[in-house]
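To keep things clear, I will list the structure first and then write my remarks on it.
The values are calculated or read from the model by the stated rules, or taken from the named source; none is laboratory data. Treat the numbers as computed from the prediction; the structure is a model and nothing was measured. Ideal geometry is used to build each Cβ from the backbone, glycine not excepted, and the neighbour counts take in all protein chains shown.
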Amino acid sequence: MSLRTAVSISRKRIPVSLATRDMTVLSKKSGEEYQKQNYNERMARTGRPVSPHVTIYQFPITALTSIANRVTGVALSIGSLGIASIELVSPGGAAMLMNDIGTSGPIVSTLAKGLVGFPLVYHYLGGVRHLIWDQFPTEYLNNVGVEKASYALAGSSALLTVGLMLA
């Protein structure tokens, strides 16, 4: 193919119907009317089913333990920031705060141990679970293994936290 033929082919016009597609243009008035309509009524007119909301689904245990691992990580970060702030601001520091909590009675000190212990234990064991998954993916990183590990994580975290609370 010569250069002249290539240039003449490249200059051919594409029909407008192929280059563009039709678009629904709403006027301001029709847009406002559209927004006033109820979503369920609009969907009923189309004959399509309304999408179910996320609240009707039951989260699997693996999703719940993953979310809990993230939440405990955030809680530990906020707790560390709080302890560091107390050390900077308070003359007695965090040691005095811990002493005050410890001498407040068995109920307060036990609850404090649980509030600090559970995020620490859970997040630590969640990290161990991920290390095991990284080292042995073919043995443990499957649907059954992940579910078992999630139940083991929740149960062992609860048991170890109760043990720390009673110590």
Can you tell me which residue within segment 55-70, out of those that are out of contact with any His (no Cβ under 7 Å at 6 or more places or on another chain) and either of a type in the set (Asp, Glu) or surrounded by 13 or more Cβ atoms within 10 Å (Cβ to Cβ) (or both), is nearest to residue 145 (Cα to Cα)? 62
Go through segment 41-87 and report how many residues are part of a helix (DSSP H, G or I), modelled with pLDDT under 75 and of a type in the set (S, T, N, Q). 1
Residue 97 fails exactly one of the following numbered conditions: (1) under 23 Å from residue 69 (Cα atoms); (2) surrounded by 15 or more Cβ atoms within 10 Å (Cβ to Cβ). What is the number of that condition? (1)
Restricting the search to segment 101-128, which residues are exposed (fewer than 12 other Cβ atoms within 10 Å of the Cβ) and more than 30 Å from residue 64 (Cα to Cα)? 103, 105, 106
Please determine, by comparing only the residues of segment 129-154 that are surrounded by fewer than 13 Cβ atoms within 10 Å (Cβ to Cβ) and hydrophobic (A, V, I, L, M, F, W, C), which one is nearest to residue 76 (Cα to Cα). 131
